[in-house]
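Shown next, in structure tokens, is the structure this report addresses.
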Amino acid sequence: METITLGQNGPAVTPLCIGTWAWGDKFFWNYGDRYGPEQLQEAFTAALEAGVTFFDTAEVYGMGKSEKFLGQFLQQTQQSVQIATKFGPLLWRFTAQSVSDALTASLKRLQLQQIALYQVHWPFAFFLSQKTLMNALADEVKLGRIAAVGVSNYSAEQMRDVHQILAARGVPLAVNQVRYSLLSRQVESQGIITTARDLGVTILAYSPLAQGLLTGKYTIDGAETPSGARKIDARFKKEGLQKIAPVISLLRNFGEKYDRTPAQVALNWLIAQGNVIPIAGVKTAEQVRQNAGALGWRLSDDEIGELEQVSRPWL
């Protein structure tokens, strides 16, 4: 399995990341309904069997349950696994000590001495300044509890600001995790992708299948109906599905050529951008195996260009 270095000198990780937001989360993902600990254990094992050893979580996912599950599963393997988790700059966190305490709690749940990648979950920090926050993270790098520092949902300007603060401490900004897919390309028009390349920052792309729209299973005439929050998402209504039909059609065409699914083609397109690692959320082993089918092959330059062209309405 090829690997990608996070940032300029961070850990080497697989070109696909497993997202674990649904691991223990009842509010958004109905954890406990048709999937539970057994299915998550199987998903973890299937990922390692497929050679995918990079997992993304956060302290807020399942109110800490996602980290706990990963911690339990990690104890059962000798394989090298890279874990990314996130710090939430909440209202009551306004000191460097609060950053250290949150990291300590995440490490305890994960049963780890060091996090491969520690990310700031969102850019607004209430009473905690970015300078205090980034210096606290730099301190933890020096202490060896964090291998690489990342951010999430930061704009191009915000990315430059924190990159400068960290650089003054000799710590590179490794990652910006943003929403990015064929149906969410605003990060390109907002200059985030270009800025990341300029700064040597790797992009982690969350929601790479646009909440399932790019799987092709939701169609105007199809029997598949969205569940949860997707029920009220306009993109899943008739007009929304009509709008994305040309994209899905092209994904199907390329999928037939390579004997791949539309979802695998959509993930491959993201990986082909270079310096981009999609985070594919999973609940089951089958979903892991499906997502892993995006690896080991590559769309041609012409095909990448065709998908870029047909998805321009989402720039």
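Go through LYS26/LYS108; LYS108/LYS142; LYS131/LYS283; LYS108/LYS283 and tell me which ones have a Cα-Cα distance over 28 Å in this structure. In this structure, LYS131/LYS283 exceed 28 Å between Cα atoms.
Solvent-accessible area assigned to carbon and sulfur over segment 170-315 amounts to 48 percent, based on a 1.4 Å probe.
A crude spin-label estimate for the pair PHE27 and SER129, with each label 7 Å from Cα along the Cβ direction, gives 3.1 nm. For segment 225-315, the square roots of the Cα gyration tensor eigenvalues, ordered a ≥ b ≥ c, give a/c of at least 1.5 with a/b no greater than b/c, which places it in the oblate category. Remark: the GLU38-THR5 segment gains 8.7 nm on full extension, using 0.36 nm per residue and subtracting the alpha carbon distance. Counting only lysines at least 8 places from LYS243 when in the same chain, those with an alpha carbon closer than 23 Å to its own are LYS217, LYS231.
Looking at segment 153-258, the accessible area is 47 square angstrom per residue; that uses a 1.4 Å probe and ignores ligands, DNA and RNA. If r is the Cβ-Cβ distance from THR77 to ARG235 and R0 is 41 Å, what FRET efficiency results, to the nearest 0.05? Efficiency, from the Cβ-Cβ distance: 0.65.
Separation of segment 177-227 from segment 101-122 is 26 Å, based on Cα centroids. Here the accessible area is traced with a 1.4 Å probe on the protein chains. For segment 15-108, carbon and sulfur cover 55 percent of it. Share of antiparallel DSSP beta bridges in segment 150-252, in percent to the nearest 5? Roughly 10 percent of the beta bridges in segment 150-252 run antiparallel, per DSSP. Spin-label model, ARG169 to ARG252: label points 7 Å out along the Cα-to-beta-carbon direction sit 5.1 nm apart.
For segment 68-147, run through the chymotrypsin sites (Phe, Trp or Tyr not before Pro) and keep only the ones in DSSP coil with at most 14 other Cβ atoms within 10 Å of their Cβ. When the chymotrypsin sites (Phe, Trp or Tyr not before Pro) of segment 68-147 are filtered for loop state and at most 14 Cβ neighbours within 10 Å, TRP92, PHE124, PHE126, PHE127 remain. Applying 1/(1 + (r/R0)^6) with R0 = 51 Å to the Cβ-Cβ distance of SER100 and GLU188 gives a FRET efficiency near 0.90. Of the chymotrypsin sites (Phe, Trp or Tyr not before Pro) found in segment 17-67, those in coil by DSSP whose Cβ has at most 15 other Cβ atoms within 10 Å are PHE27, PHE28.
Rounded to the nearest 10 degrees, the inclination of helix 262-272 to the longest alpha-carbon principal axis of the chain is 50 degrees. Expressed as a fraction of 2.2 N^0.38 Å, the value expected for a compact globular protein of N residues, the C-alpha radius of gyration of the chain is 0.97.
Taking every protein chain into account, the accessible area of segment 1-126 amounts to 46 square angstrom per residue (probe 1.4 Å). Using a Förster distance of 30 angstrom, determine the FRET efficiency expected from the C-beta separation of ARG179 and LYS142, and round it to 0.05. The computed FRET efficiency comes out at 0.40. Assuming charge only on the beta carbon of Lys and Arg (+1) and of Asp and Glu (-1), the dipole of the chain about its Cα centre is about 640 debye to the nearest 20. Report, in degrees rounded to the nearest 10, the 0 to 90 angle that the Cα long axis of helix 96-110 makes with the longest principal axis of the chain. With both axes taken from Cα atoms, the answer is about 60 degrees.
The values are calculated or read from the model by the stated rules, or taken from the named source; none is laboratory data. Fair warning: this is a prediction, and the values are worked out from it, not measured in the lab. Heads up, the Cβs are rebuilt from the backbone with ideal geometry, glycines too, and the neighbour counts pull from every protein chain shown. Remember, those area values only see protein heavy atoms, side chains included, never the ligands or the DNA or RNA. Shrake-Rupley method; radii C 1.70, N 1.55, O 1.52, S 1.80 Å.
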